[in-house]
Amino acid sequence: MNLADGHYNETDHLAPLNPLRDPRDQRLPRIAGPSALILFGVTGDLSRKKVMPAIYDLANRGLLPPGFALVGFARRDWADQDFAEIVHDSVREHCRTPFREDTWRQLASGIRFVAGDLADAAAYESLKRTVAELDETRGTQGNHAFYLSIPPGMFPTVLEHLKSSGLAESGSPNSWRRVVIEKPFGRDLASAQKLNRLVDAVFPPGSVFRIDHYLGKETVQNILAVRFANMMFEPLWNANYVRNVQITMAEDIGIGGRAGYYDGIGAMRDVIQNHLLQLLALTAMEEPISFSADDVRAEKVKVLSAVTRPTSVEKHASRGQYAAGWQGGIPVKGFLEEDGISPHSRTETFAAIRLDVATRRWAGVPFYLRAGKRLGRRVTEVAIVFKNAPHLPFDSSSVQELSNNAFVFRIQPDEGITVRFGSKVPNTSSLQVRDVNMDFQYGDSFVDTSPEAYERLILDVLLGDPPLFPRHEEVELGWKILDPILDRWEEEGSPEQYASGGWGPPSAYEMIERDGNTWRRP
């Protein structure tokens, strides 16, 4: 029913009414078909704070089928209703959309729990019976996605049991089985290749979804929209005009309770290998033939293949650990003093590298990537820093406060775009030029709030739509770029200490200043 004029549309029967959608919006939503999600690792923070709320928000937006089922798998002595209570509490605390009892009742009717150890073959037989029952009672039709929200060391165990139990096989040409793997995808090239071989032996490539939640963010996808939908930017997007590119992911918190995960992983493996290299690829790639998964990936692979390894790790890479100090007027522990961290740990909490992309478009333009904890503020951004004008017809005193023009994608938390350029200062006796900003903010321009990245990615898994998921070629190319740096760091001593609340160790400033550049202060 068209609520605006009371007339029936021939497409009305295709989707249930979505109470959160403007009735004037005539775009057809992408709605998942009959399916079930089997969630391994239901007791972890990721499941409770991100995955479960995202599933509820999808249901609340009318994007899941009425018979959708959620199955939890963990080593807990829970009944179905116990797991449903865990989901309920997680949803109430972390959901993005309003909590609605009717949505919850419909979702809760499809919640099941299977108790068992990840290495127990009998537990997988129990899981097999549970999903078969859902096929009968909920109409999931054999369409099952296995979400591995578990430590990477357990991936092989679960994959082998999914294969040996027959759960990985759809059994029908009209049904599907898929697997979702959370980062990190290995800890170096050799382990990533081993994991990829194992995954490929259990699931076909089109059924493997490696989640990098950054690729699900609206602001990340907007990089492609802005570049290729507008004529005014793309002509400047090359070495003729760009001086350098800076990609930053800064956090103002420490490791919190993640010592068991973070120690031995570090900033390079945790963030740069996946999030920041993917941002580099989207920023530097050529226009794809289409926005199909294969065409977008082909262009990203070309970029990552063209990245040259640093000729000198000492000059082109920096690492550090945050020290005890004060941040925001509050005393904070240093990394080596955090609970669960060895006082001799050599894991970096800050990493910065300079990379080059050996293509005609980007020849001679350095790409600086940095990520760290306990930095000045929480921010993720991609900054395109332009060259100076070839001639400035002003007195030197008139442009003292003028810096390089910049085009900045603000990924989080203040989602939008900033363009920095020079403008005359009004009401001055002489001509003065100073930096000013022109800002676009999502919240000011769009009524709808951006969905969480996990909403988009989980829906893509259920739809079998893979453009936002990196394939194994991208993962392996990332490790080929970073392995020489990580190997060299293994041979060296401990990372530098840097002040909490600052922007990293001295070596990071020395690295960029060697090229005559400076870090942008977000």
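The values are calculated or read from the model by the stated rules, or taken from the named source; none is laboratory data. Keep in mind that this is a model prediction, so the values were computed, not measured. Note that we place each Cβ from the backbone using ideal geometry, even for glycine, and neighbour counts take in every protein chain shown.
Condition first: closer than 17 Å to Leu277 by Cα, surrounded by fewer than 18 Cβ atoms within 10 Å (Cβ to Cβ) and at pLDDT below 85. Now tell me which residues in segment 185-215 satisfy that.
Listed by number, the list is empty, since nothing qualifies.
Criterion first (assigned by TED's automatic domain parsing to the domain that holds Glu125 and either part of a loop (DSSP other than H, G, I, E, B) or surrounded by fewer than 24 Cβ atoms within 10 Å (Cβ to Cβ) (or both)) does Leu64 satisfy it?
So Leu64 fits the description; yes.
Any residue at all in segment 248-264 that's closer than 20 Å to Asp188 by Cα and either of a type in the set (Ser, Thr, Tyr) or crowded, with 21+ Cβ neighbours inside 10 Å (or both)?
yes
Within segment 250-268, can one find any residue that is touching a Phe, Trp or Tyr at 6+ places or on another chain (Cβ under 9 Å), part of a loop (DSSP other than H, G, I, E, B), among the hydrophobic types (A, V, I, L, M, F, W, C) and in the same structural domain as Val365 (by TED's automatic domain parsing)?
yes
Take the residues of segment 471-522 that are in contact with a Gly (Cβ under 9 Å, 6 or more places away or on another chain) and outside the structural domain of Pro331 (by TED's automatic domain parsing): which is nearest to Arg370 (Cα to Cα)?
Trp519
Which ones in segment 57-87 are among the charged types (D, E, K, R) and more than 26 Å from the chain's Cα centre (by Cα)?
Correct list: Arg75, Arg76, Asp77, Asp80, Asp82, Glu85.
For segment 329-352, check the following and say yes or no: at least one residue is at pLDDT 95 or above, on the phi < 0 side of the Ramachandran plot and aromatic (Phe, Trp, Tyr).
yes
Quick check: is even one residue across segment 81-94 surrounded by 13 or more Cβ atoms within 10 Å (Cβ to Cβ), in the same structural domain as Gln141 (by TED's automatic domain parsing), free of Cβ contacts under 8 Å to residues at least 24 places away in the same chain and of a type outside the set (A, V, I, L, M)?
Yes, because at least one residue in segment 81-94 is surrounded by 13 or more Cβ atoms within 10 Å (Cβ to Cβ), in the same structural domain as Gln141 (by TED's automatic domain parsing), free of Cβ contacts under 8 Å to residues at least 24 places away in the same chain and of a type outside the set (A, V, I, L, M).
I'm trying to understand the selection: among the residues of segment 281-292, which are over 22 Å from Ile481 (Cα atoms), in contact with a helix residue (DSSP H, G or I) (Cβ under 9 Å, 6 or more places away or on another chain) and of a type in the set (Gly, Ala, Ser)?
Hit for segment 281-292 is Ser290, nothing else.
With the structure loaded, tell me whether Val242 is of a type in the set (A, V, I, L, M), in the same structural domain as Tyr498 (by TED's automatic domain parsing), more than 20 Å from the chain's Cα centre (by Cα) and more than 13 Å from His472 (Cα to Cα) or whether it fails that test.
yes
Residues checked against (1) assigned to a helix (DSSP H, G or I); (2) in contact (Cβ under 8 Å) with a residue 60 or more places away in the chain; (3) not assigned by TED's automatic domain parsing to the domain that holds Leu276:
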{"position": "Val301", "(1), (2), (3)": "yes, yes, no"}
{"position": "Leu304", "(1), (2), (3)": "yes, yes, no"}
{"position": "Thr311", "(1), (2), (3)": "no, no, no"}
{"position": "Ser318", "(1), (2), (3)": "no, yes, no"}
{"position": "Pro331", "(1), (2), (3)": "no, no, no"}
{"position": "Leu336", "(1), (2), (3)": "yes, no, no"}
{"position": "Thr347", "(1), (2), (3)": "no, yes, no"}
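Which one of Glu218, Glu286 is at pLDDT below 90 and over 30 Å from Gly329 (Cβ atoms)?
Matching residue, one of Glu218, Glu286: Glu218.
If you go through segment 119-129 one residue at a time, how many are touching a strand residue (DSSP E or B) at 6+ places or on another chain (Cβ under 9 Å) and either crowded, with 19+ Cβ neighbours inside 10 Å or more than 16 Å from Leu70 (Cα to Cα) (or both)?
Result for segment 119-129: 3.
Looking at segment 125-152, I want the residues that are within 25 Å of Tyr261 (Cα to Cα) and have a partner that is among the small types (Gly, Ala, Ser) and assigned to a helix (DSSP H, G or I) with Cβ atoms under 7 Å, at least 6 apart or on another chain. Which pairs are those?
Ser149/Ser47
Residue-by-condition table, conditions (1) assigned by TED's automatic domain parsing to the domain that holds Pro484; (2) within 29 Å of Thr283 (Cα to Cα); (3) touching a residue at least 40 places away in the same chain (Cβ under 8 Å):
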{"site": "His161", "(1), (2), (3)": "no, no, yes"}
{"site": "Ser164", "(1), (2), (3)": "no, no, yes"}
{"site": "Gly171", "(1), (2), (3)": "no, no, no"}
{"site": "Arg178", "(1), (2), (3)": "no, no, yes"}
{"site": "Ala192", "(1), (2), (3)": "no, yes, yes"}
{"site": "Asn196", "(1), (2), (3)": "no, yes, yes"}
{"site": "Asp200", "(1), (2), (3)": "no, no, yes"}
{"site": "Gln221", "(1), (2), (3)": "yes, yes, yes"}
